[in-house]
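Derivation of every value follows stated rules applied to the coordinates shown; laboratory data play no part. Values in this document were obtained by computation on a predicted structure and should not be read as measured data. Don't worry about glycine lacking a Cβ; one is built from the backbone with ideal geometry, like all the others, and counts go over all protein chains shown.
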Amino acid sequence: MQNIGIIVVYVLMLGGLYFLFMRPQQKEKKKHEEMLRSVAVGDTVLTSSGFYGVIIDITEDTVIVEFGSNKNCRIPMQKSAIAQIEKPNA
């Protein structure tokens, strides 16, 4: 009987840890993936390295971002490196 009580306590502790740590992380990942699906040409983005740029082309897993007022500074990068998106009409 005492062993069952210990097992129940461990199961409750593991369940609590799941809801404290794993669940919020999964929600944040889904939110980020949804944001990346909504990216479009002309959006201003903030990269994970801290640079602001405008998206000029999109492929399945990469984007080409134009940085600064210099039209020759175009860099291909992974979509996953985008931290924030600002829509031009917002």
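Side notes on the structure shown:
- Sites Glu28 and Lys87 - FRET efficiency at Förster radius 22 Å, r taken between beta-carbons, to 0.05: 0.60
- Computed log₁₀ I(q)/I(0) - Debye formula, equal Cα scatterers, no solvent, the chain, q 0.12, 0.24 Å⁻¹: -0.50, -1.14
- Simple rule: put +1 on each Lys or Arg Cβ and -1 on each Asp or Glu Cβ in the chain, find the dipole, and look at Leu17, Ala40, Ala83; the Cα lying farthest toward the positive end is Leu17.
- Local net charge near Lys31, Cβ-Cβ under 15 Å (Lys/Arg +1, Asp/Glu -1): +3
- Amide H contacts of Thr62: Lys79, each under 5 Å away and 5 or more positions distant or on a separate chain (H built 1.01 Å from N in the peptide plane; Pro and chain starts excluded).
- The chain: trypsin sites (Lys or Arg not before Pro) falling in loop per DSSP and having at most 15 other Cβ within 10 Å: Lys71
- Proximal charge balance of Met77 [Cβ under 15 Å; K/R count +1, D/E count -1]: -3
- In a simple Cβ point-charge model (Lys, Arg +1; Asp, Glu -1; nothing else charged), the stretch 42-90 has a dipole of about 140 debye relative to its Cα centre.
- In a fully extended conformation the segment linking Ser80 and Leu20 would gain 19.1 nm over its present Cα-Cα distance, using 0.36 nm per residue.
- Distance between the pseudo-spin-label points of Phe67 and Ser38 (7 Å out from Cα toward the beta carbon): 2.6 nm.
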